[in-house]
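The values are calculated or read from the model by the stated rules, or taken from the named source; none is laboratory data. Given the structure is predicted, the values throughout are model-derived calculations rather than measurements. When we count neighbours, we look across all protein chains shown, and the Cβ atoms used for this are built from the backbone with ideal geometry, even at glycine. Areas reflect the complete protein model, heavy atoms only, side chains present, ligands, DNA and RNA absent. Shrake-Rupley method; radii C 1.70, N 1.55, O 1.52, S 1.80 Å.
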Amino acid sequence: MDGLQIKKVWLDRTVERAPRTRFLLEKLGDRPLEIVENVEAVKRAIRLSPDPAGESKRHLFITRQKSFIRPCPCSPGCFGCGYWTIDLDLNCPFDCSYCILQKYLGFQPLTVAVNLEQLRLELDKIFSQRASGIIRMGTGELADSLALDELTGHSYFLIECFRGQERFQLELKSKSSLPRSLLEIDPPENVVLSWSLNPPEVIAREEKGTAGLEERLGAAAEAARHGYRVGFHFDPIIHYTGWRQDYERVIESVFRQIPVEVIAWISLGSLRFPADLLPLARRRFPESRIYDHEFIRSQEGKYRYPRPLRQWLYQEMVVMLSGFQAEGRLYLCMESAEVWREFSEKIKKGRLKTAFPFPWQC
Amino acid sequence: MLGKDAMVYKVIRLADINQEDRRFRFTLNPADRRLLNSVREIGVLQPVIIIFRENRPVLVDGWRRIEAARACRLIELPALEVTGQTDDLAVFLLAFFVNYGQRAFSLAEKSLAARKFFEFRLHPDEIIERILPILELPPERRMLELMLEVSALDEKFLAIIHRRDWKPSTAELLLSFSPAERAWLFLLVERLSHNQQREVIENFFSLIRRTGRNLEELAMEPELAGAVDRLLKGETDAVDRLLGALRKANSPLLSRVNKAMDEEIKRLSLSGVKVDYDRSLEKRGLRLELEASEFRELKQAVKSLADSLETGDWNRLFELLHYEGE
């Protein structure tokens, strides 16, 4: 809570009397509060600021969501991993230079939904309807799963919703530390707490406001000791001179603290971003060098590293992770079937077919 | 809001109009041949709009008609005079909306309109929320700032932006250069299409960021200097060479592999067989195309391919297509 730099709280009039609203407002203390008819008034305040993307992180909007659950759209032309997203919170207090939410969410403030009973109904419906296979769901697509947790307690709520639903895995993906409340409950087998990882130099330069590497790994280790399964996301992998040594040190740090057996999955993804993010990111992060690299414009309109470089990055990461017997837990995020095929052949040594390449399907 | 009751019709002498006072001007289209021909034949029929400031008529709308009238040596022309105590902001709103209904504005004109509203003390928030959407620009403070920056450019640069209908992103990129560099870039790209202008500017921007060198140093690089010199002399066909060299410099990995691929394909010395591949290297397949206009040529092409498969180094091509590395 202390780390949150919320300068104003906006309350959707329709949830003024909701019990969860009272709970949140008490925790938010004496910050300025304004009751509004809808999000447009908040967006107006954000839009008129010199840095709307940055400003959006300092306004908290308490509201209700019309619906929460949807399939992750992945990226056109890419090999999807079948993820489902739960849009419980929107936007993120952290300020990563490469984050697509800067553009994707427009002027959306930090948004917290209070109609959790509806989310529970949606989840119950999905739990009762989906017939087979493992379904992964998570809140980390349009928000950081844990960044607002000290305020909202949403993770605790979700974990209890998923308890006993063995065919459904809940992933809480973050760049923050571990909320203490998650250490006060019995961790279900189907809940995975995961952290995005990058070398400390990249975190310091490109991931403003986030927990440092050691803090994230300490949180993961503590979660693992408490009985949670954990996951890691090397995403985005940033290429620069000396990247390999830096990532190798990160991987060594991971396995110094966390036994491979408790790791549910590790994803790899290289830097990619929609074309319209480029001018905004250059303006907001003039000191960042990540946009000065060689890119190709892929068919879906995103900038990516050229395929030979992406595959080499993945290959080198596989080599490093194989040293800790973690290769069976790897998958790629937002990559083409062509890159996937080659990657699968390398890590699975022909044991698995491309149709079932994901660690949670093994 | 001004209505038609606030205007009176009159005929004014062209020489009386204070054309030095351009406070209400934000349009940049010059009088074209068609308008000149029309005015020459039948004179100016549609009244210009004027208002008196410091006892002289100042033009509110009708800059092209005035230009044509002068060229055709007209003495008088019809005008609607805005009467009463009307402040400059209200008059400019009139000038703006009279033009708004007639055609889309260029980015340069939008920037000048934003500047006028700002100078006539329309509140910045109102410009952002009311005017920018009308101009089909995102209603953001940054966009207003960008428009004000663009409007402050030299008139001859604004003319280039206007003629080539620049997008805000191109203007923003250009403004990241120093004033001297901007002037040089404008000179370089003046005669190119907007897409070419944008690509040249983007590539120079990227190259400066990637290499840490300045524009002057880069322009003297042997790979770029020849094409730059030719473009500065107005030889627009040099743009392809310049863009090729810039793309190569900004894409060292792809350029290296593409060059090696092209050399290997050439080395195969195929006759009637075209070998192609995805130059972005996203796909790793080769595409072969046989070219023949008669049966004999087809047989030759197939034989050329068969011979090459026996003796040529096709594996090298596939190695390159599967290349992984920095």
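Take peptide B:205-212, look around each residue's Cβ out to 10 angstrom, count Cβ atoms belonging to other protein chains, and average those counts.
3
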Charges at C-beta only: +1 for Lys and Arg, -1 for Asp and Glu. How large is the resulting dipole of the protein assembly as shown about its Cα centre, in Debye rounded to 20? 1040
Projected onto the charge dipole of the protein assembly as shown (+1 at Lys/Arg Cβ, -1 at Asp/Glu Cβ, origin at the Cα centre), which of A:I263, A:F68, A:L217 gives the Cα projection farthest towards the positive end? A:F68
Students often check this: by mean Cβ neighbours within 10 Å, which of B:82-95, A:26-39 ranks highest, and how do the rest follow? B:82-95, A:26-39
Once the Cα atoms of the range A:1-154 are picked out, what are the Rg and Dmax in Å? 16.1, 50
Residue-averaged beta-carbon neighbours from other chains (10 angstrom radius) around B:279-286: 5
Roughly how tilted is helix A:243-257, in degrees to the nearest 10 and between 0 and 90, from the longest Cα axis of chain A? 70
Charges at C-beta only: +1 for Lys and Arg, -1 for Asp and Glu. How large is the resulting dipole of the range B:1-118 about its Cα centre, in Debye rounded to 20? 380
What angle, in degrees between 0 and 90 and rounded to the nearest 10, separates the Cα long axis of helix B:295-311 from the longest principal axis of the Cα atoms of chain B? 70
Neighbouring partner chain Cβ atoms per residue of A:299-306, average, 10 Å criterion: 2
To the nearest hundred square angstrom, how large is the accessible surface buried between A and B, total for both chains, probe 1.4 angstrom? 2800
Where does helix A:213-226 land angle-wise versus the long Cα axis of chain A, in degrees 0 to 90, nearest 10? 90
I want the antiparallel fraction of DSSP beta bridges within the range B:1-94, as a percent rounded to 5. 75
Decide, for the protein assembly as shown, between rounded, prolate and oblate: order the square roots of the alpha carbon gyration tensor eigenvalues as a ≥ b ≥ c, take rounded if a/c falls under 1.5, and otherwise choose prolate if a/b is larger than b/c, else oblate. oblate
Which of B:E294, B:E129, B:E223 moves most in a GNM of chain B, Cα contacts under 10 Å? B:E294
Rg followed by Dmax, in Å, when the range B:171-326 is reduced to its Cα trace: 20.5, 63
Note on the range A:15-106: alpha-carbon gyration tensor, axes a ≥ b ≥ c; rule is a/c under 1.5 for rounded, else prolate if a/b larger than b/c, else oblate; result oblate
If you take every DSSP beta bridge fully contained in the protein assembly as shown, what fraction is antiparallel? Give it as a percent rounded to 5. 40
Length-normalised contact order of chain A in % [C-alpha pairs under 8 Å, at least 6 apart]: 14
Beyond 18 Å, what share of the Cα-Cα pairs of the range A:67-217 remains, rounded to the nearest whole percent? 59
The range B:182-326, accessible surface, carbon-and-sulfur percent (1.4 angstrom probe): 49
Expressed as a fraction of 2.2 N^0.38 Å, the rule-of-thumb size for a compact globular protein of N residues, what is the C-alpha radius of gyration of the range A:207-248? 1.39
Which one, B:F117, B:L270, B:P222, is farthest towards the positive end of the dipole of chain B when Lys and Arg carry +1 and Asp and Glu -1 on their Cβ? B:F117
Report the FRET efficiency, 1/(1 + (r/R0)^6), for B:L148 and B:T211, where r is their Cβ-Cβ distance and R0 is 41 Å, rounded to 0.05. 0.85
Restricting to Cα pairs under 8 Å and 6 or more apart, the percent relative contact order of the range A:180-277 works out to 34
Could you tell me the ratio Rg/Rh of the range A:267-323? Both radii from Cα atoms, Rh via Kirkwood. 1.05
Note down the net charge around A:S67, summing +1 for each Lys or Arg and -1 for each Asp or Glu among other residues with Cβ under 12 Å from its Cβ. +2
Using the Cα centre of chain B as the reference point, and only Cβ charges (+1 on K/R, -1 on D/E), how large is the resulting charge dipole? Debye, rounded to the nearest 20. 820
Identify which of B:Q46, B:Q300, B:Q197 has the largest mean-square fluctuation in a Gaussian network model of chain B, with springs joining Cα atoms closer than 10 Å. B:Q300
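If one computes P(r) from the Cα atoms of chain B, what percent of pairs lie at distances over 32 Å?
Details: 27855 of 52975 pairs.
Here the long-distance tail beyond 32 Å is 53 percent of all Cα pairs in chain B.
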Choose one answer from A:W340, A:W84, A:W312: the residue with the largest mean-square fluctuation in a GNM of chain A with alpha-carbon springs under 10 Å. A:W312
For chain A, convex hull volume per residue from C-alpha positions, Å³: 133
Using every pair of alpha-carbon atoms in the range B:165-243, split the distances into 5 Å bins beginning at 0 and state the percent of pairs per bin, rounded to integers. 3, 15, 30, 29, 18, 5, 0
Please name which of B:G62, B:N195, B:N315 has its Cα lying farthest along the dipole of chain B towards the positive end, using unit charges on Cβ (Lys, Arg +1; Asp, Glu -1) and the Cα centre as origin. B:G62
